[in-house]
Amino acid sequence: MRLLVRFLAITAALLGIFCLSLFLGRYSVNFQELLSSGLASEILFNIRLPRILAAALLGMALAAAGAALQSAFKNPLVEPSLLGVSQGSAFGAALAILFFVNSPVVIEASSTAFGLLALLIAYLLSSSLKYGGKILRLVLAGIAVSAIFSGGVGIIKTMADPLNQLPALTFWLLGGLSGAGWGDLLYMLPLALCGIVALLLLRWRINLLTLRDDVTFSLGTDPGKLRALVVIFAVLAVAAVTSVAGVIAWVGLIVPHIARKIFGADNSRIIPASLILGAGLMIAFDTVARTLTAGEIPLGVVTSLCGAPVFLLLLSRGGES
Amino acid sequence: MTKIELRGVRFRYRGQRADVLKGISSVFSQGRVTALLGPNASGKTTLFKILLKVLQPSAGSVHVNGKEIRQLSLAELSRIVAWVPQEEEPLFPYTVHEYLLLGRAPHLGFFDVPTGEDEEVIKRVLAELGIAKLARRGTMSLSGGEKRLVFIARALVQQPEVLILDEPTVHLDLRNRALVLAAIRRAAEGGKTVIFSTHDVNEASLVADEVKIINNGRMIKQGDPDKVLTEEVLKGIYGLRLVFSRVDGRPIAELAPEIFRRGRK
């Protein structure tokens with residue numbers, strides 16, 4: 001019962017942020033204008049609404065993937081960008097921009113493929129490293145893979161045509177939703193939704209991955225296969241949103257931790273809670289990004305600036321028990 | 001009735017030259033407690049992993065309820081055999097209740113979430129073990145003895161026919177040892193086949209219906225505690241002189257006092 005109240009509370013908060021964000025912006029809109037002015041409704045429904053929905057989807061995908069990956073890798077510090085997924089996706093997108101600058105579907109596909117590839121490399125590397133424990137090995141492998149792919153992005157930048165491709169690439173890499181419209185939302189929706197729904201369906205079973213592998217076996221589930229499945233769906237969701245929004249760090253890490261503070265350890269609550277909290281938080285961050293200054297602050301900058309202190313705060317508030 | 005039968009089971013880890021298990025044949029019967037005794041690195045853990053289908057034997061076969069283990073899916077096997085490791089630290093601080101629900105996984109579909117029926121099983125198991133008051137506690141705040149009982153509860157929630165425990169009383173004080181061993185006996189009296197490993201010869205003698213001694217990958221002796229736990233056999237394994245007595249008609253072995261006297265000088 002108490003849990004239901006908490007779920008209702010965060011859902012109400014999400015709706016509040018959503019409505020507030022809709023009416024905030026450089027062109028201020030109030031209800032009367034909405035009814036009378038064509039420009040106001042044009043801004044609201046064709047510029048702000050798709051962007052807010054895109055932010056919500058971005059937050060949902062990153063947060064749910066973060067929660068699932070933390071369990072899958074038995075490591076509460078994992079987030080998509082730490083494992084090289086985001087840099088891999090960035091490389092895939094950059095590569096695609098170099099050759100097919102005007103075809104978003106190719107960019108998205110390439111981004112997804114390289115995100116998955118980066119994760120695979122990090123995972124294989126970590127099991128062959130002979131230094132430190134499981135957690136440290138994975139982090140080290142992820143750092144190395146991220147570095148290699150961001151190096152690759154650097155090379156692509158020097159090769160890009162400075163008039164056409166480079167601006168598109170730079171814009172993409174800064175990370176953000178400026179200019180994101182209905183089209184962008186629609187083309188990241190299928191893959192992102194596929195990943196999110198799969199993680200939502202697996203929400204309880206993901207808990208089995210937080211046990212010892214031999215215990216997971218003894219409970220009738222092959223941990224290797226389940227882990228692979230969870231990782232694939234998480235990466236699908238992340239790569240889909242990254243292909244539109246660029247590399248957005250920290251949200252995938254902190255949202256699951258906030259969710260655990262409120263809802264305990266069970267992933268059957270953490271995954272849905274992360275979806276709601278991730279959406280709300282990302283809408284808030286994106287609203288800050290587009291309203292705080294006269295220009296636009298890149299969203300990735302806002303999430304890092306706000307996310308890192310929140311993370312420290314969470315950790316300094318003692319254990320989760 | 002035969003529950004589990006091993007026929008000439010051999011196992012070798014990849015890249016190693018020698019077999020860890022060198023042709024083990026053995027039978028575990030229903031409703032009996034079997035103690036698996038053996039020095040460190042004798043092959044006990046490998047044997048358990050084969051019974052759990054974590055590892056596949058390099059040669060020989062394992063039969064569970066008359067069926068070859070290869071023909072059973074992991075899910076089918078998990079409804080028959082449950083596993084209690086020595087130590088288990090879940091990544092996140094689940095409550096005992098949440099942790100025990102994970103034991104219902106073998107009975108749930110891939111996308112299912114536990115229901116009220118599963119909660120009933122948990123209530124029953126907690127009551128049987130006398131730890132109902134732990135349900136809302138966090139698994140990370142439990143004492144060593146409470147933890148061990150919760151591990152056993154997680155396995156019992158699986159409603160298995162066979163219970164395998166890895167050194168279930170290690171690091172426990174006398175009182176908690178008594179609780180764990182009583183739970184093991186009760187499970188066997190309820191019809192379950194119980195297999196546990198131990199380094200404590202006397203625990204094996206007093207609690208088990210049958211003792212099996214594994215050494216260097218071979219099952220060197222199996223049968224009645226009285227017949228297996230003899231001076232000759234134990235000296236052969238540990239290379240130590242032991243002093244024997246009897247409690248409740250069963251053999252009790254202690255290190256001969258001269259071993260310590262020699263050390264004091």
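The values are calculated or read from the model by the stated rules, or taken from the named source; none is laboratory data. A quick note: this is a predicted structure, and the numbers were derived from the prediction, not measured. Positions of Cβ are generated from backbone atoms using ideal geometry, with glycine treated the same way; all protein chains shown enter the neighbour counts. Side chains included, ligands, DNA and RNA excluded: accessible areas come from the protein's heavy atoms. Shrake-Rupley method; radii C 1.70, N 1.55, O 1.52, S 1.80 Å.
Tell me, what is the FRET efficiency for B:Asp226 and B:Arg186 to the nearest 0.05, using R0 = 22 angstrom and their Cβ-Cβ distance as r?
Working: r = 23 Å, r/R0 = 1.05.
The formula returns an efficiency of 0.40 here.
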| Between A and B, buried accessible area summed over both sides at probe 1.4 Å, in Å² to the nearest 100? | 2700
| Within 10 Å of each Cβ of A:205-215, how many other protein chain Cβ atoms are there on average? | 6
| said: Tell me the carbon and sulfur percent of the accessible area for the range B:40-191, rounded to whole percent, probe radius 1.4 Å. | reply: 52
| said: Please list, in order along the range B:126-139, the HN-Hα scalar couplings obtained from phi with the Karplus expression 6.51 cos²θ - 1.76 cosθ + 1.60 (θ = phi - 60°), rounded to whole Hz, x for Gly and Pro. | reply: 4, 5, 4, 8, x, 10, 4, 5, 7, 3, 8, 6, x, 4
| Given a 1.4 Å probe, how much area per residue of the protein assembly as shown is accessible, in Å²? | 43
| query | About its Cα centre, what dipole magnitude does chain A give when the only charges are +1 on Lys and Arg Cβ and -1 on Asp and Glu Cβ, stated in debye to the nearest 20? | reply | 880
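Net charge around A:Trp172, counting only other residues with Cβ within less than 14 Å of its Cβ (Lys, Arg = +1; Asp, Glu = -1)?
Working: positive: A:Lys157; negative: A:Glu108, A:Asp184.
The answer is -1.
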| said: Using the basic label-point model (7 angstrom from Cα toward the beta carbon), what is the B:Arg79 to B:Ala127 distance in nanometres? | reply: 2.5
| query | Angle between the Cα long axis of helix B:144-157 and the longest principal axis of chain B, 0 to 90 degrees, nearest 10? | reply | 60
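Let me know the mean shielding of B:85-97 by other chains, meaning the per-residue number of their Cβ atoms within 10 Å of its Cβ.
On the way: counts 5, 0, 1, 4, 3, 7, 11, 15, 6, 8, 4, 0, 1.
Mean number of neighbouring Cβ atoms from other chains: 5.
Starting from the residue with the highest accessible area, list B:Met140, B:Met219, A:Met188, A:Met159 in decreasing order, probe 1.4 Å. Mind showing how you got there, number by number?
Values: B:Met140 85, B:Met219 30, A:Met188 0, A:Met159 115 Å².
Order by accessible area, largest first: A:Met159, B:Met140, B:Met219, A:Met188.
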| query | How much FRET efficiency would the formula 1/(1 + (r/R0)^6) give for A:Phe99 and A:Ile143, where r is the Cβ-Cβ distance and R0 is 41 Å, rounded to 0.05? | reply | 0.90
| Looking at B:Val113, A:Ala64, B:Phe196, which one has the Cα that reaches farthest to the positive end of the dipole of the protein assembly as shown (charges on Cβ: Lys, Arg +1; Asp, Glu -1)? | B:Phe196
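Within the range A:2-316, what whole-number % of the accessible surface is contributed by carbon and sulfur, with the 1.4 Å probe and all protein chains included in the calculation? If you can, show how the numbers build up before the last one.
Working: 9440 of 12580 Å².
The value for the range A:2-316 is 75 percent carbon and sulfur by accessible area.
Determine the shielding of peptide B:133-144 by partner chains: average, over its residues, the number of Cβ atoms on other chains within 10 angstrom of each Cβ.
On the way: counts 0, 0, 0, 0, 1, 5, 2, 4, 2, 0, 0, 0.
Mean partner-chain Cβ count within 10 Å for B:133-144: 1.
Can you tell me the relative contact order of the range B:97-248? Whole percent, Cα pairs under 8 Å, sequence separation 6 or more.
Working: 139 pairs, mean separation 24.6, N = 152.
Relative contact order here is 16 percent.
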| Put simply, what bits of the range B:44-58 lose 50 Å² or more of accessible area when the other protein chains are there, versus the chain on its own (1.4 Å probe)? | B:Val54
| message | In Å and on Cα atoms, what radius of gyration and Dmax does the protein assembly as shown show? | response | 29.1, 103
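At 222 nm, what helix-only mean residue ellipticity would chain B give, in deg cm²/dmol to the nearest 500, using -39500 (n - 2.57) for each DSSP H run of four or more?
About -9500 deg cm²/dmol.
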| B:Gly60's amide H: which non-local residues (gap 5+, or another chain) put their own amide H closer than 5 Å, with H modeled 1.01 Å from N in plane and none for Pro or chain starts? | B:Arg10
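What is the count of Lys pairs in chain A whose alpha carbons sit under 29 Å apart, if the two are 8 or more places apart or on different chains? Please report the intermediate quantities before stating the final value.
On the way: A:Lys74/A:Lys130; A:Lys74/A:Lys134; A:Lys74/A:Lys225; A:Lys74/A:Lys261; A:Lys130/A:Lys225; A:Lys134/A:Lys225; A:Lys134/A:Lys261.
Step by step, the pairs that qualify in chain A add up to 7.
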| query | Taking R0 as 60 Å, what's the FRET efficiency between A:Ala12 and B:Asp173 from their Cβ-Cβ distance, rounded to 0.05? | reply | 0.75
| message | Need the list of aspartates and glutamates near B:Lys123 for cross-linking: C-alpha distance under 18 angstrom, and skip anything on the same chain fewer than eight residues off. | response | B:Glu98, B:Glu146
| remark: Cβ-Cβ cut-off under 12 Å around B:Arg154, Lys and Arg +1, Asp and Glu -1: the net charge is +2
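Over chain A, what is the relative contact order in percent, taking alpha-carbon pairs closer than 8 angstrom and at least six residues apart?
On the way: 508 pairs, mean separation 97.1, N = 321.
Computed over chain A, the figure is 30 percent.
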| note | Pseudo-spin-label distance A:Ser127 to A:Ser316, built 7 Å along Cα→Cβ, given in nm, is 4.0
| note | If amide H atoms are modeled at 1.01 Å from N in the peptide plane, then the residues at a separation of 5 or more from B:Arg218, or on another chain, having amide H under 5 Å from its own are B:Lys22
| Rounded to whole Hz, the Karplus (6.51, -1.76, 1.60) HN-Hα couplings of the range A:191-206, x for glycine and proline | 5, 4, 5, 4, x, 5, 5, 4, 5, 5, 5, 8, 3, 7, 4, 4
| note | With only helices counted (DSSP H, runs n ≥ 4, each -39500 (n - 2.57)), the per-residue ellipticity at 222 nm for chain A, to the nearest 500, works out to -25000 deg cm²/dmol
| query | Label points 7 Å out from Cα along the Cβ direction at A:Asp213 and B:Glu119: separation in nm? | reply | 3.6
